[in-house]
Amino acid sequence: MALKHHLGAIVVDGQVRLLCLRLGVGRAEVAGVFRAPLPPGADEEPAFLQELSAFLIASRIPAGVRVTLGVPRGEFILRRFETPPVKAGNLPALVGFEMDRHLPGRREDFLCGWRVDGRTADGGYLVLLGATRKSTIERPAALLRRANLAPASIQPESFALADLLRRASGVKGDALLVDLGHTSVGLDFIRKGRPELSWILPIDDSQWWDAAPLHAATASPETAAGVVAQRQEAAQRLGALLAERLASPLFRESFPEGALPELHIGGYGANRSRLLELLQIRKDAPPRHFSPWPLVHWGRPPADLTPYTSPLALAFVGEGSSPAGLELEPERQEELHRAPSLRLSAALALVLLAVLIAHLAAYGLFQQRQLALADREIHLLQTKMKMVNEVGQRVKEQRVRLDYLRATVRGRARPPEILRELTGLLPDSAYLSELTFQERTVEITGLAPSAAQLLPVIEASPLFSGVEFSAPIVSQGAGLERFRIRMRLEAAGG
C-alpha cells in the first residue's frame, strides 16, 4: 500500500518549522523535521532553499506532498457573530458584509475563512470568522512554493492545537490549553473542540529558556546544580505570573459562569513540578501535562520536541480526518461556500435522464440476461467440480504423508528423520543454521522473514510438542530475523 505524506509548516519566533508525517497502516510516523531561521532578505533565500531541499531529499519526502501552512496565534483574528434569518444562498453575501465590519482594515489585505457553527433560536446562523493579514503568509508561502511545496491548506495554529489536544487527551468538554513557548505563553479557551478565545502573554525572563542546553557529561556538578536551580526559579516565577492571571476575576469573566475550565499544559518546560504546583487553581481538577508525541512513532527524536508541536498539529489537520480546522486558503474557501449553479442543475437533470433510459433498456434485456446467467452457473459448477477433484487429490496425498508420520511416530525418531520432517514443514524462505537433539529435545537456529509464523507451522506436526522460542528474535537486516526454537518429541517418537 502506498504511504501518504502530510507536511505541517509554520513560522514562529522568526523560525521556519516543518514536520512531515508518513501515514500508512497503524500509528503515524514522523518522516522528518526541519527548523531554520526565516531568511531576512532575498540574498539569503538561495541558501535557505538549498538547505530545505537537502532535508526533503534526506527524509525521502516525495514531490507534491500535501502541505498545511499554519497561521501563528498572534497573527490570527477570531470573531463570532449571529445573522438574522436568511436563505442559505444569501449567507455568503451577508458574511462578506460582516467581514467589512469586523476586520481592522480593508478586506483585500486579509485572508479570511468562515463556516457555520450552528443555528440560532429564531432561525439565523452562528458564524465563525477567522482572518490573518496576507503579509503574514505571503513570504513563507512563496518560499515553500519555490521549494515545490505549495500550501494546499492554510489553518490557524490555535485550531490545529485544539484538534491535537482532542486526539491526544480525548478532551470533549471545556478546556484551557496553556502553550508554553520560549518567549511567550499562548492561552486558548477550547469549547466543543474549537478555540473560543485566545490570549498571548510575553515571557520577560532570560532564564526561562536557554538556547544552549546543559550537557551533564561536560558540566561540573556545581554548574549543573546551579543551572537546574535557575530553571526551577524561572518556572516558579512564570507559574506565579500565570496563577495570578488565572485567578483574576476579570480573566475568569471570559468563561461560562466565571468558572475556570480544566487546565492542559504543553510546550517547553510543561512538566516542571514547581510550575504545575503553582497552577493548582482548581482542587477538583489538577493541571494535566499535555504531550501529543505518543500519537506518532519517531525513530530518533531531538532532545527538545516543543518547537514541532504546532507543525505536528498542522500535519494531522492536513491528513483530512479533522473536523476542527478553519480553512483560510482562498480557493478552498471559495469551494466550500460556492452555491450550486444552474449549469450544475442542468447537468444533474441530464444525468438523471440518462439513468432512466439505461434502466428501461436493462428491463427490455432481462430475458437475455437470465439465459446468460444460466450459462455462467453451468460454467461455475464445472469449475467447482474441477476444484473438488483437485482437493480430493490433495487429501489423498496428505493421507499418504499422515501414514508416513504415524509410522515415524511409532518408531524411534532419529536426527535424519527429524531434519527431513523439519525440512518439509518450514517454508522455502527459512534457513536452518544449527540443529541439536538431546534427551528428546530438539533445538534449531536459523533465519526467516517472519520468525513468528514458524511456530504454528511446526506445532501442526504430530512429531513435535511444546514448540517455543528459546531466545529473543533478532533482526538481521535485509528483511530477515534470526530465531532459536526449542521443541520436544512426542513420547512415541523419542
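Conditions tested, residue by residue: (1) under 14 Å from the mean Cα position of the chain (by Cα); (2) not small (Gly, Ala, Ser).
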position: Gln15; (1), (2): no, yes
position: Val25; (1), (2): yes, yes
position: Gly32; (1), (2): yes, no
position: Ala42; (1), (2): no, no
position: Pro46; (1), (2): no, yes
position: Gln50; (1), (2): no, yes
position: Gly74; (1), (2): no, no
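Which pairs have Cβ atoms under 9 Å, sit 6 or more apart or on different chains, and link a residue in the stretch 21-45 that is over 21 Å from Pro307 (Cβ atoms) and assigned by TED's automatic domain parsing to the domain that holds Ile10 to one that is small (Gly, Ala, Ser) and surrounded by fewer than 15 Cβ atoms within 10 Å (Cβ to Cβ)?
Going by the 9 Å Cβ cut-off, the qualifying pairs are Gly24/Ala2.
Within the stretch 234-243, identify whether any single residue is without any contact (Cβ under 8 Å) to a residue 60 or more places away in the chain, in contact with a Lys or Arg (Cβ under 8 Å, 6 or more places away or on another chain), closer than 24 Å to Gly173 by Cα and not in a loop (DSSP other than H, G, I, E, B), and answer yes or no.
No.
Does the stretch 142-167 hold any residues that are in a helix (DSSP H, G or I) and closer than 11 Å to Val71 by Cα, and which are they?
Hits for the stretch 142-167 are Glu157, Ser158, Phe159, Ala160.
So for the stretch 90-97 (the condition being in contact with a helix residue (DSSP H, G or I) (Cβ under 8 Å, 6 or more places away or on another chain) and either charged (D, E, K, R) or not in a strand (DSSP E or B) (or both)), does at least one residue qualify?
Yes; the residues of the stretch 90-97 include at least one that is in contact with a helix residue (DSSP H, G or I) (Cβ under 8 Å, 6 or more places away or on another chain) and either charged (D, E, K, R) or not in a strand (DSSP E or B) (or both).
Outside any loop (DSSP other than H, G, I, E, B), touching a helix residue (DSSP H, G or I) at 6+ places or on another chain (Cβ under 6 Å) and within 19 Å of Leu69 (Cβ to Cβ): which single residue out of Leu52, Leu21 fits that description?
Leu21
Taking the stretch 443-466, which residues are at pLDDT 90 or above and in contact with a helix residue (DSSP H, G or I) (Cβ under 7 Å, 6 or more places away or on another chain)?
Ile444, Ala448, listed by residue number.
Does Leu419 qualify as being within 30 Å of Gly477 (Cβ to Cβ) and out of contact with any Asp or Glu (no Cβ under 6 Å at 6 or more places or on another chain)?
Here the answer is yes, as Leu419 does meet what is asked.
Within the bounds of the stretch 114-127, is there any residue that is closer than 30 Å to Pro37 by Cβ and crowded, with 21+ Cβ neighbours inside 10 Å?
For the stretch 114-127, residues closer than 30 Å to Pro37 by Cβ and crowded, with 21+ Cβ neighbours inside 10 Å: absent.
Quick check, is Ile154 under 25 Å from Gly96 (Cβ atoms) and crowded, with 20+ Cβ neighbours inside 10 Å?
When the stated conditions are applied, Ile154 passes them.
Is it true that some residue in the stretch 273-283 is part of a loop (DSSP other than H, G, I, E, B), farther than 20 Å from Leu165 by Cβ and not polar (S, T, N, Q)?
Looking through the stretch 273-283, at least one residue is part of a loop (DSSP other than H, G, I, E, B), farther than 20 Å from Leu165 by Cβ and not polar (S, T, N, Q).
Looking at the stretch 460-494 only, could you name the residues that are more than 13 Å from Val442 (Cβ to Cβ) and not in a strand (DSSP E or B)? Give the derivation first.
Here is the first cut: in the stretch 460-494, the ones more than 13 Å from Val442 (Cβ to Cβ) are 460, 462, 469, 471-483, 491-492.
Scanning the stretch 460-494 gives Ala460, Pro462, Ala471, Pro472, Ile473, Ala478, Gly479, Ala491, Ala492.
The values are calculated or read from the model by the stated rules, or taken from the named source; none is laboratory data. All figures in this text were calculated on a predicted structure; none of them were measured in a lab. A quick note on method: Cβ atoms are made from the backbone with ideal geometry, for glycine too, and the neighbour counts reach across all protein chains shown.
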